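Here the structure is laid out as structure tokens; the discussion comes afterwards.
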Amino acid sequence: MEVKKGNAWTSLMRALKMLMKDSPLLIPCTFVMAAFEAASPYINILISAEIVTELTLPNRDIKHLFFLAIVMAVANCVVGLLLAFLYQFQDVLKYRQMKIIDGKVAEKSWQMDYETVCDPKVHEKANIIPHWGYDHGVLALVKQISEILSALFTIAISVVLVVEFFSLKTTEGGTLSQALNHWLSPVVFLTLFGLSAYHNIWAAAKTQKVRYQTDNDVEQPFNQVVDIFESCCAEYQRGKDLRMFCAQGMVRSHLLMLFDKLATLQTTAQKYAKKMILVSFISTRAFHLFTYIFVGLKALYGAFGAGSLLKYTGMVEQMSNGIGRMCNAIREVWQNIHYIDDYFAYQDLENRTSTGTKPITEDILNDYVFEFRNVTFTYPGTETPSLTNINCVLKKEEKVAIVGRNGSGKTTFIKLLCRLYDPQEGTILLNGTDIREYRYEDYLKFFSTVFQDFCIFALQLGENVASESVYNEKDVICALENAGFKERLKTLSDGLHTQLYKYFYDDGVELSGGEKQKVAIARCLYKDAPYAILDEPTAALDPVAEADIYQRMNQFIEGKGAIYISHRLSSCHFCHRIMVFENGQLVETGTHEELLATTGLYHRLWHAQAKYYQS
């Protein structure tokens, strides 16, 4: 799925509106801060110029000199303290805004349907955006706005001094003096100023385009891969395999190879950037040199004295500095717009799964029939169908076992039934109605599931079972006991409030594979949905524990429909019907006895497994 971008200007306006809405004080704070930053150097320039002028007078006033020095010191202290406060206040506001953005990204991920979340491009963006911090995206825009405003204020103050500068005429005669007073001199000055600014912006735009391309096409995917490899080394759960198989060297070699590849690509980008920086440097310094010469000549021909010379050379320095900072900030905004656009493109992603409007009523919950009618499904980004022309019926109170070799389409069948994906061909019906017509949220509540790749969260045990923070403790304990977790629960001093895993707490409890599977089954039982689906629910349990779990499950879901997927064919005994998948097709269906009476795939799988138990 392509993460479509919008108009860059529109994204920029959206970012500003978002900042004003989420953090109303952030932009005003930045504006005031930029004004003080711009004014700060002119305090020294203007007052120092007055001091020098006073010193050059034959009858200089010592009291006035002391007064100017005190004013300069006090003004610097006041502005410095104000800026320190504003910097700190802005940092607090930016941190809050960063957490708001992280929350919006997480919320968007939660709201996405499963098919969209599983898309590699979407997944990449979801992982990268929270790592931008203050360097890219909406928050980086705050710094860039501050730089642009500060530069504009600096240039504005300089323009006032420029007007004053050109209003002062040379008093000594000569052709050069007349040329300095000519009306074309400010035109030449403004032309050179414009050319310098244009070259800076042009070079910045070219440089940032190459940098963004390198960052987006190479560096971001690279960082994602590095995170994966580094997690292999850092996560304690993977540490056993890493050390037992001495795999550190293998991981290190992959990282070094990736670093070398990135370094080569970055070197190419840096060479191009150096050329553009050289263009910018020459243009800025040429303007700088011309202005210094111009100011020096006007002073030489009597337009102003030594104090004003200091003031106007300071003006040149600040104007040049303002141009440089503004061009640099515009360059950064130019690059950052791409990141802002990426953020809003992610936020604007639409779910592929239609929500439907039809409610699931009590009548449907009490009496239901699912039907797969000519269903074919191919995973996005692949060409070979995972399921082909599936036709079957699933009834209430019917226990169905689904068996088949690895990759035969068993789990895909379940994902389609649960509407984690929608089929490209055919229809899945619930009581004769296409399941896409039902409200998506209502439909998901229809199922209690245990997937083979289930997730146990680093939260409290009770929260893992109930999937919510406030729950009925008696019901949770009942679900855990029915899942075979009773004896283990007795050993936990904090009971349902036991923290699982050591990610957040040193005293977090580690569960074995079988114990985690029991917690996942307890979660399924606690939900108490009309239809239960267990995909390899007992793979980590021993045969005795497995038999006990199945017996308890059958009692607990009496009167409900259920699907069991298991490589241990012993689970098929208590099922009403068995469906056999092979290469994405439903090749056999029937009872255990009926299928054993044939010489089909189920017959071969059963006897292959029985042979090892008998021997």
Whole-Å distance, taken between Cα centres, linking the range 484-534 and the range 87-102: 38 Å
Cut-off 18 Å, label 7 Å out along Cα→Cβ of ASN431, residues of the range 349-387 by amide N: 356-372
Residue-span extension gain [ASN583 to ILE62] - 0.36 nm each, minus C-alpha spacing: 177.7 nm
Against the rule of thumb 2.2 N^0.38 Å, how large the Cα Rg of the range 274-421 comes out: 2.45
Under the Karplus curve 6.51 cos²θ - 1.76 cosθ + 1.60, θ = phi - 60°, whole-Hz ³J(HN,Hα) for the range 88-97, x wherever Gly or Pro sits: 5, 5, 5, 4, 5, 5, 5, 5, 4, 5
5 angstrom amide H check on GLY426, placed H, neighbours 5+ away: THR376
Backbone N within the range 516-534 under 19 Å of label point (7 Å from HIS567 Cα along the Cβ vector): 516-518, 534
GLN452/LEU256 FRET efficiency (R0 35 Å; Cβ-Cβ; nearest 0.05): 0.50
Dipole magnitude of the range 362-614, debye to nearest 20 (Cβ charges: Lys/Arg +1, Asp/Glu -1, about Cα centre): 520 debye
Ascending count of other beta-carbon atoms within 10 Å, so fewest first, for LEU480, LEU190, LEU416: LEU190, LEU416, LEU480
For the range 362-614, alpha-carbon Rg relative to the globular expectation (2.2 N^0.38 Å, N residues): 1.05
Over 21 Å between alpha carbons, listed pairs LYS125/LYS271; LYS121/LYS410; LYS490/LYS518; LYS121/LYS516; LYS415/LYS502; LYS396/LYS445: LYS125/LYS271; LYS121/LYS410; LYS121/LYS516; LYS415/LYS502
GLN551 paired with GLU481, simple spin-label distance in nm, labels 7 Å along Cα-to-beta-carbon: 1.7 nm
The range 380-398-the range 551-615 distance, computed between alpha-carbon centres (Å): 18 Å
Intensity falloff of the range 470-511 expressed as log10 I(q)/I(0), Debye formula with alpha-carbon point scatterers, at q = 0.32 Å⁻¹: -1.12
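Values in this text are rule-based calculations from the coordinates and carry no lab data. Since we're looking at a predicted model, the values are computed, not measured. Using ideal geometry, Cβ is built from the backbone for each residue, glycine included, and neighbour counts are taken over all protein chains shown.
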